[in-house]
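Working notes for the structure below.
Just so it is clear, none of the values below were taken in a lab; they were calculated from the coordinates. Everything quoted here is computed from the prediction, not taken from an experiment. Glycine gets a Cβ as well: all are built from the backbone with ideal geometry, and neighbour counts include every protein chain shown.
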Amino acid sequence: MSNQIFSKIDGAIATLIGYIETGDLALPDLQRPFVWGNNKVRDLFDSMYRGYPIGYFLLWRNNTGEKLTQIGKDDKMHKVPNMLIIDGQQRLTALYSIIKKQEVKDKDYRFRRIKIAFNPVLEEFRVADAATIKNKEFINDISDVFEGSTWQFITNYLTQYRAYVAEITEKYKEIIDKIQTGIDLKDAEYIFCITRLNQIKDPADNITQLIASLRERKAVSLAENQKELFLNFFEKPIDINEDEISTRINKLHSLTNYPYQALEVSADIDEEVVAEIFTRINSKGVSLNQADFILTLISVFWEEGRTQINDFCKNSKIVPDLTTKDSPFNYIMQPDAQDIVRVIVGLGFKRARMKDAYAILKGRDPDTNKYSTILREKQFDVFKATLSNVINTTNWHSLIKILQSIGYKSKGLIASDNSVINSYIFYLIGKLHYKIDYKELDRLIARWFFMSSLTSRYSGSSESIMESDLNKVKSCKDGNEFKLALNNIIGSTLTNDFWNISLPNDILVTSNTISPVANAFFASLIYNGTKALFSERKVSDLYDPSIKIKKNSLDKHHIFPKEYLKTQGIELTQINQIANLTYLEYIDNIKISDTEPKSYYTEIKNKYYSGKESVLENALKEHCIPIDFYDMEYSVFLNERRKKIALMIKEMYSNI
């Protein structure tokens, strides 16, 4: 075992948390931000509470003398850590955040506090929310348990819990009085009763049936056996077992003594080997893919580049203040580090398969399959030169403006981020490699994005398809050949059969309102400057992503209302087809509600368009709605409107 590069260590979780708090345990730059959702944090604490194993940690004794990345927002006593976390970052970050009540940086590069609730009466963990705040059985933030003396915490909890039980008991009496006198319960009382009954562990069938009856608001008409069951439950005094509760809170507090096991990689192992260990470990699970491996290599061999990528991605998610002059932020696409890697690899190496790019950056010779330090350095030079163009905000915003110019004004209209990223690759190739005139290039990339988005070109085997697309432009000698190559792909995809057969008869027959074809239709309305139906406001104005209100001012409306169609026996998949939807202002949608089509149309025509019938008919035409839609059989209406929508999308594309 002379070649063993690690040793086994163990101890209590509190020890590792203490190291993080002082700054002695931190993250190498190859690690990502904290990406766990709150549910995973809840599950971690639940597992520990039940005594389940939570896996090994892999640590590396730091001999770099560098500050690296600390966990949490607070300043640390020691700026240079003694150890680095190679595997177990998510678990340790979650533990540190909860036990030390600290904010941690999430995947959007924002600091946030994680709150997990615990019910010591039922021994149940939950993500803290409005329900756990309202239910005084819950400790709404278990971080409070770890702050000091459990004796004082338990004393305060029991005082609060006794008062809560007294309050609940009074509610029980009020509800029992109503049931016995035949008075129906209020909605809030039904919810209260259902919540209390749901706390029964492994309920018998009769309890489940009682809950179902209460969900249907049948308290007054309960069968005698259900009524007796109901009264027996709510007349029974609530038992307060203070010893059990105290024991459970102490058990929660004692999780700081939970045992851990770790492997510590020796200090004399160099960064490249550690990076290899890291990628091999993480490649066994779902946490990393080939793009992550490339990011690992960048962290090891070009730390500044990894920082530049992270900063670009972070800033793309944050609305800049008035003093910021240069920012990648926009409302359409906020790339992550993997997206930037894909653009660099596509632009710099004309590759789409990340496994090939990973081998290239490691310095593998394609002829001998051997790795070379010289070749690796050469490939990294290409990577470095390419990055500056990729994260150039002028280039980035040029692409965003292209998408906006064809109606894609919001992230909600982007069905595939891959279509955006791959369009950016071709935009940069056309601009930087072939020096194509900007107006020609803008139109070409607009048509390319529209084609790839509408047809879901990159939703399946996206790497293979993009690799094939890149192969078609690799050998282009000049800008004319590049334009011809892309136009040939577009033309062979958007054929007459596509427009006349596939789109109206197959692709548009969907009830998925966030599908690429639905987005193309909505983008076409924006592109054409169309007003919302029965409104003077343009769809584009009402689709402003920068306005954040409780209810969108713009609503997708069923032209044949949902409830009306249900009464006709129409299935939901038919009701929610794209061809039955258009945009209305929210208030108009409320007015129309579920009225029969001819009734609401006649009312709107008489009230708002008297003497202006031609204006109303033109509005229907702009939304691809047959003028006599209200007299049509529903299936005929869907078929006719699908044809009109397909024609509008085709005309919009032709005008790009």
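Annotation: peptides 105-111, 574-580, 293-299, ranked by per-residue average of other Cβ atoms within 10 Å with the highest first, follow the order 293-299, 574-580, 105-111.
Under the classification rounded if a/c is under 1.5, otherwise prolate if a/b is larger than b/c and oblate if not, where does the chain fall, given a ≥ b ≥ c as square roots of the Cα gyration tensor eigenvalues?
Details: a/c = 2.47, a/b = 1.05, b/c = 2.37.
Here the chain falls in the oblate category.
Toward the positive end of the charge dipole of the chain, with +1 on the Cβ of Lys and Arg and -1 on the Cβ of Asp and Glu, the farthest Cα among P597, S456, I200 is that of S456. Taken along the Cα-to-beta-carbon direction at a fixed 7 Å, the label points for I501 and T324 span 5.0 nm.
So which chymotrypsin sites (Phe, Trp or Tyr not before Pro) in the stretch 600-654 are both in a DSSP loop and have at most 16 other Cβ atoms within 10 Å of their Cβ?
Details: sites: Y600, Y601, Y608, Y609, F629, Y630, Y634, F637, Y653; in loops: Y609.
When the chymotrypsin sites (Phe, Trp or Tyr not before Pro) of the stretch 600-654 are filtered for loop state and at most 16 Cβ neighbours within 10 Å, Y609 remain.
When +1 charges are put on Lys and Arg Cβ atoms and -1 charges on Asp and Glu Cβ atoms, the dipole computed for the stretch 151-252 relative to its Cα centre reaches about 220 debye. The charge dipole of the chain, taken about its Cα centre with unit charges on the Cβ atoms of Lys, Arg (+1), Asp and Glu (-1) only, comes to about 1440 debye.
Report the gain in length on full extension from Y109 to S372: 0.36 nm times residue separation, minus Cα-Cα distance, nm rounded to one decimal.
Details: separation 263, 0.36 × 263 = 94.68 nm, distance 3.54 nm.
Value of the extension gain: 91.1 nm.
The calculated FRET efficiency for the pair E235 and T256, based on their C-beta separation and a Förster distance of 51 Å, comes to about 0.75. Classification of the stretch 3-122 by its C-alpha gyration tensor yields an oblate form. The axis ratio a/c (a ≥ b ≥ c) is 1.5 or more, and b/c is at least a/b.
Using θ = phi - 60° in the Karplus curve 6.51 cos²θ - 1.76 cosθ + 1.60, the 3J(HN,Hα) couplings for the stretch 525-538 round to 4, 5, 4, 7, x, 6, 7, 4, 4, 6, 9, 9, 9, 6 Hz; x is entered for Gly and Pro.
Taking the stretch 242-267 and a reference point 7 angstrom along Cα→Cβ of K101, the backbone N atoms nearer than 19 Å belong to 249-257. Placing unit charges on the Cβ atoms of the charged side chains and taking the dipole of the chain about its Cα centre, the candidate lying farthest along the positive direction among I406, V273, Y583 is I406. For the stretch 364-424, the set of chymotrypsin sites (Phe, Trp or Tyr not before Pro) satisfying both a DSSP loop assignment and a count of at most 10 other C-beta atoms within 10 Å is empty. Projecting the Cα atoms of N241, L59, N225 onto the dipole axis of the chain, where Lys and Arg carry +1 and Asp and Glu carry -1 at the beta carbon, places L59 farthest toward the positive end. From most to least packed by mean Cβ count within 10 Å, the peptides 187-195, 327-335 give 327-335, 187-195.
Annotation for E242 and R537: the two label points, set 7 Å from Cα along the Cα-Cβ direction, are 5.9 nm apart.
Sites listed here are trypsin sites (Lys or Arg not before Pro) in the stretch 175-259 whose DSSP assignment is loop and whose Cβ has at most 16 other Cβ atoms within 10 Å: K186, K201, R217, K218.
Is there a quick way to get the dipole size of the stretch 290-494? I mean about its Cα centre, with the Cβ of Lys and Arg at +1 and of Asp and Glu at -1; what is the value in debye to the nearest 20? Don't skip to the end; give the middle numbers.
Values: 28 positive and 22 negative charges, 67 e Å.
Dipole about the Cα centre, nearest 20: 320 debye.
Is the stretch 567-656 best put as rounded, prolate or oblate by its Cα gyration tensor, with a ≥ b ≥ c the root eigenvalues, rounded for a/c under 1.5, and otherwise prolate when a/b is larger than b/c, oblate when not? Oblate shape, in that a/c is at least 1.5 and b/c is the bigger or equal ratio.
Peptide packing for 204-211, 78-85 was compared via the average number of neighbouring C-beta atoms within 10 Å per residue; ordered from the highest value, the list is 78-85, 204-211. Taking 7 Å steps out from each Cα toward its Cβ at E174 and I194 produces label points 1.9 nm apart.
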